[in-house]
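Asks: The structure under discussion is supplied below as structure tokens; questions concerning it will follow.
Derivation of every value follows stated rules applied to the coordinates shown; laboratory data play no part. Because the structure is predicted, anything quoted here is derived from the model rather than measured. Note that we place each Cβ from the backbone using ideal geometry, even for glycine, and neighbour counts take in every protein chain shown.
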Amino acid sequence: MPVRVQPGDFDISSEIHALRSGRSDVGAIASFIGVMRDFNDGSGVTELTLEHYPGMTEKSLQGIVDEARSRWPLQDALVVHRIGRMLPADQIVLVVTLSAHREAALAACAFIMDYLKTRAPFWKKERTPAGERWVDARASDDDAAGRWQPGEAA
């Protein structure tokens, strides 16, 4: 189950093709692509910089993927997360899950993304017309991740 953190862009089609190449046990592929938008918290955003701690970030991402694999029968999964400077419309993150059935692929993909938003050690700084600002954690992201806790409906 590959996990990569990289400054450069990724090609969605190539990534999915490589992940499923030679496999005949896959009945479902779910994917999520996060893209930088030009607004946040009611104001325009012209640039996003993502920072991380090398080694620690990859270990955290792998732990999230391992948790998904323990919850759903996945054939494979992929997380590619960019770091560095990005502009509006740039791709930020790719999550792909492979499973024999759609329910597992879809749920695992949503779980991985929800946990990436709340548990992965990334720091985001936005450039706006009013200057730079660090992006705080959102209660809505915590709520989304909370649905995967024991006793919560997924």
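Asks: Using only the alpha-carbon atoms, how far is helix 102-119 inclined from the longest principal axis of the chain? Give it as 0 to 90 degrees, nearest 10.
Replies: 30
Asks: Summing Lys, Arg as +1 and Asp, Glu as -1, what charge do residues with Cβ under 13 Å from the Cβ of G131 carry, G131 excluded?
Replies: Cβ neighbours under 13 Å give a net charge of 0.
Asks: Using Cβ contacts closer than 10 Å as the measure, can you line up L106, L116 from fewest to most?
Replies: Final ranking by Cβ density, sparse to dense: L106, L116.
Asks: Moving on. With an 8 Å Cα cut-off and a minimum separation of 6 or more residues, compute the relative contact order for the chain in percent.
Replies: The normalised contact order for the chain reaches 32 percent.
Asks: Less than 19 Å apart at the alpha-carbon level, and either on another chain or at least 8 residues along: which aspartates and glutamates does that give for K124?
Replies: Partners within reach: D9, D38, D41, E47, E51, E58, D90, D114, E132, D136, D141, D142.
Asks: Hey, what number do you get for the chain at 222 nm if only DSSP H runs of n ≥ 4 count, each worth -39500 (n - 2.57), divided across all residues, to the nearest 500?
Replies: Only helices count here, giving -10500 deg cm²/dmol.
Asks: Would you mind giving the average projected area, over all directions, of the Cα convex hull of region 1-134 in nm² with one decimal?
Replies: If you wrap the Cα atoms of region 1-134 in a convex hull and average its projections, you get 8.1 nm².
Asks: Moving on to the next point. Please identify, among A120, A77, A18, the residue showing maximal mean-square fluctuation in a Gaussian network model of the chain using a 10 angstrom Cα cutoff.
Replies: Between A120, A77, A18, it is A18 that shows the largest mean-square fluctuation.
Asks: Could you work out which residue, out of P121, P129, P88, moves most in a Gaussian network model of the chain, that is, has the largest mean-square fluctuation with Cα springs under 10 Å?
Replies: P129
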